[in-house]
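The values are calculated or read from the model by the stated rules, or taken from the named source; none is laboratory data. Predicted model, so just to flag it, every value in this text is computed and none were measured. Quick reminder, even Gly has a Cβ in these numbers, built from the backbone with ideal geometry, and neighbours come from all protein chains shown. The protein model used for the area step is the full one, side chains on, heavy atoms only, and it has no ligands, DNA or RNA in it. Shrake-Rupley method; radii C 1.70, N 1.55, O 1.52, S 1.80 Å.
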Amino acid sequence: MVFKKTYKFAFVSALLLSFLSCFILYGLNAYFNITLPFKYILFFFTAFFLTSLLIIQNRVQQFIYKKVQKIYDDVSLLDVSDVDKKSITSDMDTLSKKVNEFAEGKRLEIETLKVREAYRREFLGNISHELKTPLFTIQGYILTLLEGAAKDKELRTKYLKRADIGVERLIYIIKDLDMIAKLESGNLNLKSEVIDIVSLIKDSFELLEIKAKKNNITLTFDKNYDIPILVKGDKERLEQVLINLIINSIKYGISGGMTTVSIALFSDSQVVINIQDNGEGINEIHIPRLFERFYRVERSRSREQGGSGLGLAIVKHIIESHKQQVFVKSTLGKGATFSFTLEKVI
Ligand SMILES: Nc1ncnc2c1ncn2[C@@H]1O[C@H](COP(=O)(O)OP(=O)(O)O)[C@@H](O)[C@H]1O
Ligand SMILES: [Mg+2]
C-alpha cells in the first residue's frame, strides 16, 4: 500500500509517540514497582497509536489546507471553493502547476501591456508629428501675411488659400483620428443594411470624379454590372472603405492611368470587391505593415498627396468589424490591387 505523504508523516509520528509513551509507561511501572500484563501494554500502545494517528493526520491536513488556501487567496487564481478539502493534502502538484500557470499568465499580461504601451507612445509621437507639419505651414503663411504680405492683394489671396489647404489637412487628419478612435473603442454601432454594391461603387466614382480628373486617372468597372448585387453591411462605412481605396488608387496611380473595380463571387456566401490600379505599386517588404496606423511607404509623397496615413487602417477596421477580410496584391512599378469581401444577400 502506498501511503500518501501526509499519511506517512502522521503514521511515523504516531508510531514514534506511541513508542515513547510506552517507554515512559514502562519506566513508571518499574518505578512504582507494578507489573502490567503485556496485553495491557499492547492495548495501550494500539489505542495511543490510533488516536495520535488520527489527531496528527487531521491537524496536518488542517494546517496545510489553511496554508494552501492562503496561497490560493493570495494569487486569487481560483475560487477557494474550487479547492477540494479532501484532495488538497496530496494535491501539491496541482497547486504548484496552478501557481506556475498563474505566473505565466501574469508574464504574458505584462508583455502585452508593454507592447501596448510602446504602441501608445509611438502613436502619440506620430499624431503630434502629423499635426505639426500642417500647423507649421499655416503658421508660416500667417506670419508672412502679418509681416506685410497682406498688403499685396494677390499675395494675400495666394497665402490665405495655402493656409486654408493646411487647415483642411488638419481637419481630415482629425476626422480620421476620430474615426480610428471610434473603431478602436468599439463604439461603431455598425448597421446591417441591404446594399446594392454596384450603385455604391458608382456613387463613390461620382464623388471622386474631380479628384481623378485632376490626376488624369480614369475610374471604371471591369465590365457592365447591369443588375444590382446585394450585400449586407453598413452603407456609410462601406462607402468610406471604397472612397479610401479609390483615393489611394488615384493618389498612387500614374497620370493617364486607370482604376478598375470588379465584383466577383468569393464563396457561397461572399462576394469580393477588387480595386485595381496600374500605378506605382508597393514593394513586397512594405505589404505586411501597410494596414498599420500611420504606416506609409513614402512619407513625403503621401503627404504631398494629402494623406493622413490612416486610410488603410480605417479600411481594415471597418472590414474586420463586418467580420470580412481585406487583401492586397502588388507588383512594384506595375500597380496594386486591394480587395475586400462582403456578405452576399442571397
Ligand atoms: N493603390 C496604392 N498603390 C501604391 N501604394 C499604395 C496604394 N494604396 C496605399 N499605398 C501605400 O500605402 C500607404 C498607406 O496608405 P493609407 O493608409 O491610405 O495612408 P495615406 O494614403 O494617407 O498615406 C500609402 O502611404 C502608400 O504608400
Ligand atoms: Mg490613403
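Figures for the structure shown
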item	result
Selection from region 233-246 of residues that are within 17 Å of I282 (Cα to Cα) and either away from ligand 2 (no atom under 11 Å from the Cβ) or out of contact with any Gly (no Cβ under 7 Å at 6 or more places or on another chain) (or both)	L245, I246
Test result for S204, part of a helix (DSSP H, G or I), within 13 Å of ligand 1 (Cβ to nearest atom), touching a residue at least 40 places away in the same chain (Cβ under 8 Å) and assigned by TED's automatic domain parsing to the domain that holds Q276	no
Scan of region 234-251 for residues that are among the basic types (K, R) and touching an Asp or Glu at 6+ places or on another chain (Cβ under 7 Å), ordered by number	K235
Qualifying residue in region 287-296 (condition: touching a Ser or Thr at 6+ places or on another chain (Cβ under 7 Å), near ligand 1 (Cβ under 8 Å from one of its atoms) and without any contact (Cβ under 8 Å) to a residue 40 or more places away in the chain)	yes
Flag for L53 being more than 22 Å from D93 (Cβ to Cβ) and in a helix (DSSP H, G or I)	yes
Restricting region 297-319 to residues that are open to solvent by less than 30 Å² (accessible area, probe 1.4 Å), within 7 Å of ligand 1 (Cβ to nearest atom) and in a loop (DSSP other than H, G, I, E, B), the residue that is modelled with the lowest pLDDT	G307
Filter pass, R293 being within 22 Å of T341 (Cα to Cα), open to solvent by 20 Å² or more (accessible area, probe 1.4 Å) and either in the same structural domain as A181 (by TED's automatic domain parsing) or at pLDDT below 90 (or both)	yes
Top-ranked residue in region 218-238 [being touching a Ser or Thr at 6+ places or on another chain (Cβ under 6 Å) and open to solvent by less than 70 Å² (accessible area, probe 1.4 Å); ranked as farthest from ligand 1 (Cβ to nearest atom)]	T220
Complete set of residues in region 1-51 that are touching a Leu at 6+ places or on another chain (Cβ under 9 Å), at pLDDT below 90 and within 23 Å of Q62 (Cβ to Cβ)	Y7, A10
Meets criteria (open to solvent by less than 20 Å² (accessible area, probe 1.4 Å), at pLDDT below 95, assigned by TED's automatic domain parsing to the domain that holds I210 and near ligand 1 (Cβ under 8 Å from one of its atoms)) for L245	no
The listed residue being surrounded by 10 or more Cβ atoms within 10 Å (Cβ to Cβ) and within 22 Å of V315 (Cβ to Cβ), out of I138, I180, I110	I180
